[in-house]
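Inspection log for the structure reproduced underneath, given as structure tokens.
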Amino acid sequence: MTIILPCCHDYLPTQACLCLRSFLDFVMLATAKEHTDESLLEMEEHLTSYYDYSPIFQAYSKSRFTFPKNHMLQKYAKDICNRGAIGNYSTMHSEHLHILEAKKPAKQTNRR
């Protein structure tokens, strides 16, 4: 993912590159398998700098960079503190349970 920066450095304004770098640093820290208080603070700092540099893209965005997923980034550090690393979040287990608890028993009935 970080290969993006060297490729676009000569083609984008400095503020856009700094915004992209801040976002990539945030994502790399957010998706880490383990977190410390220092890494969460660093993640918050990268997010703050991402929001500081992002106005350069507002002119090109129909939503003016106010879409829900952009806003949700603010909640990552708190969610990581409360629930653990993001790698632990998955719908796979609940989907598998749905198969075991709903679909298989339904196939065994006469579908009434």
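Restricting the search to helices (runs of 4 or more DSSP H) fully inside region 61-112 and requiring at least 2 residues that are closer than 20 Å to residue 43 by Cα and at pLDDT 80 or above gives 68-72, 76-83. Number of residues in region 1-40 that are of a type outside the set (Val, Ile, Thr), under 26 Å from residue 66 (Cβ atoms) and within 16 Å of the chain's Cα centre (by Cα) equals 13. In region 54-72, the residues that are touching a residue at least 24 places away in the same chain (Cβ under 8 Å) never reach a residue that is open to solvent by 80 Å² or more (accessible area, probe 1.4 Å) and of a type in the set (Ser, Thr, Tyr) with C-beta atoms less than 8 angstrom apart, at least six apart or across chains. Looking across 25, 10, 52, one residue alone is surrounded by fewer than 16 Cβ atoms within 10 Å (Cβ to Cβ) and modelled with pLDDT of 90 or more. It is 52.
The values are calculated or read from the model by the stated rules, or taken from the named source; none is laboratory data. Everything quoted here is computed from the prediction, not taken from an experiment. A quick note on method: Cβ atoms are made from the backbone with ideal geometry, for glycine too, and the neighbour counts reach across all protein chains shown. These accessible areas exclude ligands, DNA and RNA; they are computed on the full protein's heavy atoms, side chains included. Shrake-Rupley method; radii C 1.70, N 1.55, O 1.52, S 1.80 Å.
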